[in-house]
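Below you'll find the structure, written out as structure tokens, and then a few comments.
The values are calculated or read from the model by the stated rules, or taken from the named source; none is laboratory data. This is a predicted model, so every value here is computed, not measured. Positions of Cβ are backbone-derived with ideal geometry, glycine not excepted, and every protein chain shown enters the neighbour counts. Surface areas here come from the heavy atoms of the whole protein model, side chains and all, with no ligands, DNA or RNA. Shrake-Rupley method; radii C 1.70, N 1.55, O 1.52, S 1.80 Å.
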Amino acid sequence: MDNNKAVTMEKLVNLCKGRGIIFPGSEIYGGMGNTWDYGPVGVEIKNNIKRAWWKKFVQESDNSFGLDAAILMNSRVWDASGHTTSFSDPKMDCKECKTRHRADNLIETYSKGTVNPDKMSTEEMQNYIAEHEVHCPICGKFNWTPIRNFNLMFQTSRGVTDESQNVIYLRPETAQGEFVNFLNVQRSTRAKVPFGIGQIGKAFRNEITPGNFIFRTIEFEQMEHQWFCKEGTDLQYYEYYKKAAWDFLLSLGFKAEHLRYKDHDKLAHYAKCACDIQYLFPMGWSELNGIHNRTNYDLSRHQEFSGKTMQYIDPVTNDRYVPYDIEYSIGCDRLMLAALSEAYEEQDLDGGDTRVVMHFHPALAAYKAAVFPLQKKEMGEKAKEIYKDLSRHFMCTYDDAGSIGKRYRRQDEIGTPFCVTVDFDSLTDNTVTVRDRDSMVQVRIAVSELAAYIEDKIKIY
Ligand code: GAP
């Protein structure tokens with residue numbers, strides 16, 4: 001591909017702002033680092049991503065149940081999970097320009113990826129930076145504070161006093177809501193192990209590294225699924241979810257050559273084995289989602305800290321045990337960024353024209369159809385009728401401004417899969433032209449068959 005036409009983060013940021021997909025957070029006040037707001041088009045795409053995930057991992061998944069737990073939890077939850085002590089990044093301050101940096105990122109950038117800081121202790125990172133005189137990327141000086149581990153959880157306090165016992169945290173992952181409700185879900189649904197709990201919700205992390213648009217934000221949504229199983233079957237389910245996570249991405253239209261597995265070198269405090277699926281983002285290969293074998297660490301810790309049993313009783317054998325857990329976790333916003341990158345194309349058209357087209361899977365596209373009257377005066381009324389009728393089936397948009405060509409371009413840029421044009425013939429024979437976003441082929445369809453025609457093509461399998 002012509003390099004000038006390749007997708008870049010800058011192009012995506014500009015397109016997203018101009019087309020109502022994503023805006024910089026608090027923009028009129030100069031913004032706020034690593035926060036973004038979803039606009040009218042973006043919120044639809046994001047909701048469609050969540051719907052697609054829920055359909056695959058809750059609706060269509062045998063023995064899986066949904067949950068929507070509170071963001072604010074008893075702070076003992078985070079003591080039990082290990083987040084109050086272990087959920088931190090190694091950070092250093094530049095004494096010259098007063099900027100804060102992650103030591104692991106400094107090493108990775110300095111060594112151009114040849115050194116893996118995930119395999120280093122804090123002391124080894126400290127020594128590496130000293131020996132190689134790794135300079136501050138902002139001011140170019142070499143004058144660092146020692147590495148300190150900063151906890152990534154945002155904390156606030158409950159009530160009117162500010163005493164330490166009132167400290168509460170914004171959850172840094174949704175998973176703990178699934179663990180503390182493990183027996184509530186199991187008992188209320190009479191589920192038998194193995195079974196799953198899926199949840200979509202906000203998580204918060206005090207990230208200081210540059211975010212790369214919506215790749216890394218301080219507030220984001222996670223889509224997490226815990227699969228509770230008996231010890232000994234865990235590795236089989238770990239492999240199962242690695243494949244299920246991969247297949248889900250293919251079903252959304254991702255190309256296999258833009259995806260790869262990456263085993264973790266440094267395991268989280270709760271994991272027996274873990275891997276990511278990485279996506280080839282505009283800034284390079286980076287984590288899209290994670291699959292962890294969390295063993296029975298979380299449930300056992302909650303049993304210990306709460307004093308309440310987390311044991312499952314097998315109804316056939318009467319065995320009592322704390323199940324193992326295979327976790328599949330993907331950031332909705334990160335998947336949105338991947339979907340935007342995957343969809344983006346700049347095309348040269350016949351006659352010297354060009355277009356930017358977003359080839360979203362139709363199930364993800366904000367609007368499934370855009371309805372245009374060829375001429376506002378003569379066909380406006382009929383076009384509005386068709387628009388209203390289609391809107392009862394799926395999200396649609398209406399546009400009667402400018403030439404049909406310009407209207408097509410606007411829809412291509414937000415990835416609307418079908419454009420429906422109402423013309424002179426429509427007034428007499430009740431048919432319309434439907435133009436396909438990707439092939440640009442136009443077909444004539446009876447208005448009575450329009451909704452079914454489009455509905456059939458926007459399904460996700
Ligand atoms: N419960 C496991 C867990 O939270 P994680 O690897 O820290 O594991 C899971 O996060 C997923 O959440 C990541 O693969 C990524 O898609 C998303 N994610 C994590 N931090 C994020 C951030 N700061 N901004 C956006 N998405 C993030």
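Of the residues LEU364, LEU340, LEU390, only one is open to solvent by less than 60 Å² (accessible area, probe 1.4 Å), within 16 Å of the ligand (Cβ to nearest atom) and of a type outside the set (D, E, K, R); which? Before the answer, list the steps.
Numbers: LEU364 fails: within 16 Å of the ligand (Cβ to nearest atom); LEU390 fails: within 16 Å of the ligand (Cβ to nearest atom).
Exactly one of LEU364, LEU340, LEU390 is open to solvent by less than 60 Å² (accessible area, probe 1.4 Å), within 16 Å of the ligand (Cβ to nearest atom) and of a type outside the set (D, E, K, R), namely LEU340.
Report, by residue number, each residue of the range 277-325 that is of a type in the set (Ser, Thr, Tyr) and within 16 Å of the ligand (Cβ to nearest atom). Please lay out each step first, then the result.
First, the residues of the range 277-325 that are of a type in the set (Ser, Thr, Tyr): 279, 286, 295, 297, 300, 306, 309, 312, 317, 321, 324.
Scanning the range 277-325 gives TYR279, SER286, THR295, TYR297, TYR324.
Please verify whether the range 167-185 includes one or more residues that are within 16 Å of the ligand (Cβ to nearest atom), touching an Asp or Glu at 6+ places or on another chain (Cβ under 6 Å), in contact (Cβ under 8 Å) with a residue 12 or more places away in the chain and under 20 Å from ILE49 (Cα atoms). Break it down into steps so the answer makes sense when it comes.
Going through the range 167-185, the residues within 16 Å of the ligand (Cβ to nearest atom) turn out to be 169-182.
Restricting the remaining residues to those that are touching an Asp or Glu at 6+ places or on another chain (Cβ under 6 Å) gives 174-175, 179.
Add one more test, that the residue is in contact (Cβ under 8 Å) with a residue 12 or more places away in the chain, and what stays is 174-175, 179.
Narrowing further to those that are under 20 Å from ILE49 (Cα atoms): 174-175.
Yes.
Of the residues LYS91, LYS56, LYS50, which is crowded, with 18+ Cβ neighbours inside 10 Å, closer than 30 Å to HIS359 by Cα and touching a residue at least 24 places away in the same chain (Cβ under 8 Å)?
Working: LYS91 fails: closer than 30 Å to HIS359 by Cα; LYS50 fails: crowded, with 18+ Cβ neighbours inside 10 Å.
Answer to the check: LYS56.
Do we have any residue at all in the range 299-319 that's among the aromatic types (Phe, Trp, Tyr), open to solvent by less than 20 Å² (accessible area, probe 1.4 Å) and in a strand (DSSP E or B)?
Step one: filter the range 299-319 for residues among the aromatic types (Phe, Trp, Tyr), giving 305, 312.
Checking which are open to solvent by less than 20 Å² (accessible area, probe 1.4 Å) leaves us with 312.
Now narrow it down to the ones that are in a strand (DSSP E or B): 312.
Yes - at least one qualifying residue is present in the range 299-319.
For the list (1) of a type outside the set (A, V, I, L, M, F, W, C); (2) away from the ligand (no atom under 16 Å from the Cβ); (3) open to solvent by less than 60 Å² (accessible area, probe 1.4 Å), I need the number of the one condition that TYR328 fails.
Against the list (1) of a type outside the set (A, V, I, L, M, F, W, C); (2) away from the ligand (no atom under 16 Å from the Cβ); (3) open to solvent by less than 60 Å² (accessible area, probe 1.4 Å), TYR328 comes up short only on (2).
So which residues in the range 187-232 are β-branched (Val, Ile, Thr), out of contact with any Lys or Arg (no Cβ under 9 Å at 6 or more places or on another chain) and crowded, with 22+ Cβ neighbours inside 10 Å, if there are any at all?
The first filter runs over the range 187-232 and keeps only residues β-branched (Val, Ile, Thr), leaving 189, 193, 197, 200, 208-209, 214, 217-218.
Okay, now just the ones that are also out of contact with any Lys or Arg (no Cβ under 9 Å at 6 or more places or on another chain), so 189, 197.
Residue satisfying the conditions is ILE197 alone.
Is at least one residue of the range 363-378 among the β-branched types (Val, Ile, Thr) and at pLDDT below 95? Please lay out each step first, then the result.
Our first condition is that a residue be among the β-branched types (Val, Ile, Thr); within the range 363-378, this holds for 371.
From the residues that got through so far, the ones that are at pLDDT below 95 too are none.
So far as the range 363-378 goes, no, none of its residues is among the β-branched types (Val, Ile, Thr) and at pLDDT below 95.
Where residues in the range 371-387 are hydrophobic (A, V, I, L, M, F, W, C) and touching an Asp or Glu at 6+ places or on another chain (Cβ under 6 Å), which of them is most open to solvent (accessible area, probe 1.4 Å)?
The selected residue is LEU374.
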